[in-house]
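The values are calculated or read from the model by the stated rules, or taken from the named source; none is laboratory data. Remember, it's a predicted structure, so these values are computed and weren't measured experimentally. Counting neighbours? That spans all protein chains shown, and the Cβs are built from the backbone with ideal geometry, glycine included.
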Amino acid sequence: SVHITDITSQYCALGLWGPKARTVLQAVCDDDVSNEAFGYFTAQEINIGPVPAFALRVSYVGELGWEIYTRTEYGLYLWDTLWQAGQEHGILVGGLGAFDSLRLEKGYRSWGADIHTEYNPYEAGLSWTVRFKKGDFLGREALLAIKEAGLTRKICCMTLDDPEAVVLGKEPILDGDQKLGYVTSAGY
């Protein structure tokens with residue numbers, strides 16, 4: 001039998017990202033967090049000071065970094081430990097706005113905003129994820145047909161020349177009176 005337990009309230013997460021993330025983390029961690037020992041897109045159980053944590057070497061902001069998970073009772077201590085270690089390196093607190101701007105600069109898409117089930121990988125700018133040479137897969141024939149037919153729409157990045165313009169998302173993109181598309185995400 002299978003049992004599912006909701007442990008959402010039992011854990012918290014912090015993101016440590018930026019060019020000095022490894023230096024800050026290594027200062028409070030006895031585990032080796034070098035690129036060789038802790039490669040990109042890997043996860044390890046580590047101790048940050050006395051805090052047991054589960055660290056994922058991933059970054060949705062386009063910078064070196066980790067998502068760090070620990071039990072809620074250690075959350076504040078984890079925060080304080082990383083905050084103190086980062087002081088000499090100019091650590092800053094960033095919220096969702098900064099997070100979104102950085103992911104946009106990197107070209108990372110947001111599920112439900114920039115991409116969703118109505119886009120195929122070619123329209124979403126994710127053609128690099130399709131590997132026809134790997135063999136058969138569900139949807140292979142449909143994707144081959146789309147690739148051969150060519151695209152009628154594709155996600156792209158735009159910049160504005162007007163510093164006074166405020167774009168939040170969902171605004172139409174016009175060429176005269178003709179609607180070409182719409183803004184999915186925006187940031188500064």
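Applying a threshold of 8 Å to beta carbon distances and a minimum spacing of six or more residues, or different chains, the list of pairs starting in segment 55-69 at a residue that is within 19 Å of residue 79 (Cβ to Cβ) and without any contact (Cβ under 8 Å) to a residue 40 or more places away in the chain and ending at one that is among the β-branched types (Val, Ile, Thr) and surrounded by fewer than 17 Cβ atoms within 10 Å (Cβ to Cβ) reads 56/42. Would a scan of segment 125-136 turn up a residue that is in contact with an Asp or Glu (Cβ under 8 Å, 6 or more places away or on another chain) and in a loop (DSSP other than H, G, I, E, B)? No, every residue in segment 125-136 fails to be in contact with an Asp or Glu (Cβ under 8 Å, 6 or more places away or on another chain) and in a loop (DSSP other than H, G, I, E, B).
With respect to residue 28, is the statement that it is of a type in the set (A, V, I, L, M, F, W, C), over 22 Å from the mean Cα position of the chain (by Cα) and surrounded by 17 or more Cβ atoms within 10 Å (Cβ to Cβ) true? Taking the combined requirement at face value, the residue satisfies it.
Looking at this structure, is residue 109 assigned to a helix (DSSP H, G or I), touching a residue at least 24 places away in the same chain (Cβ under 8 Å) and closer than 23 Å to residue 14 by Cα?
Values: assigned to a helix (DSSP H, G or I): no; touching a residue at least 24 places away in the same chain (Cβ under 8 Å): yes; closer than 23 Å to residue 14 by Cα: yes.
Answer is no for this residue.
A quick yes/no check of all residues on (1) of a type outside the set (A, V, I, L, M, F, W, C); (2) at pLDDT 95 or above; (3) farther than 30 Å from residue 8 by Cβ:
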residue	(1), (2), (3)
83	no, yes, no
97	yes, no, no
104	no, no, no
116	yes, no, no
129	yes, no, no
145	no, yes, yes
153	yes, no, yes
167	no, no, yes
170	yes, no, no
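Okay, residues lined up against (1) free of Cβ contacts under 8 Å to residues at least 60 places away in the same chain; (2) surrounded by 11 or more Cβ atoms within 10 Å (Cβ to Cβ):
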| residue | (1), (2) |
| --- | --- |
| 83 | yes, yes |
| 101 | no, yes |
| 125 | yes, yes |
| 131 | yes, no |
| 134 | yes, no |
| 172 | yes, no |
| 179 | yes, no |
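Return the residue satisfying two criteria in turn: it lies in segment 147-188 and is assigned to a strand (DSSP E or B) and not aliphatic (A, V, I, L, M), and of such residues it is farthest from the chain's Cα centre (by Cα).
As a first pass, look at segment 147-188 and keep what is assigned to a strand (DSSP E or B): 172-175, 178-182.
Narrowing further to those that are not aliphatic (A, V, I, L, M): 172, 175, 178-179, 181-182.
Details: 172: 25, 175: 32, 178: 33, 179: 30, 181: 24, 182: 22 Å.
Ranking the qualifying residues of segment 147-188, first place goes to 178.
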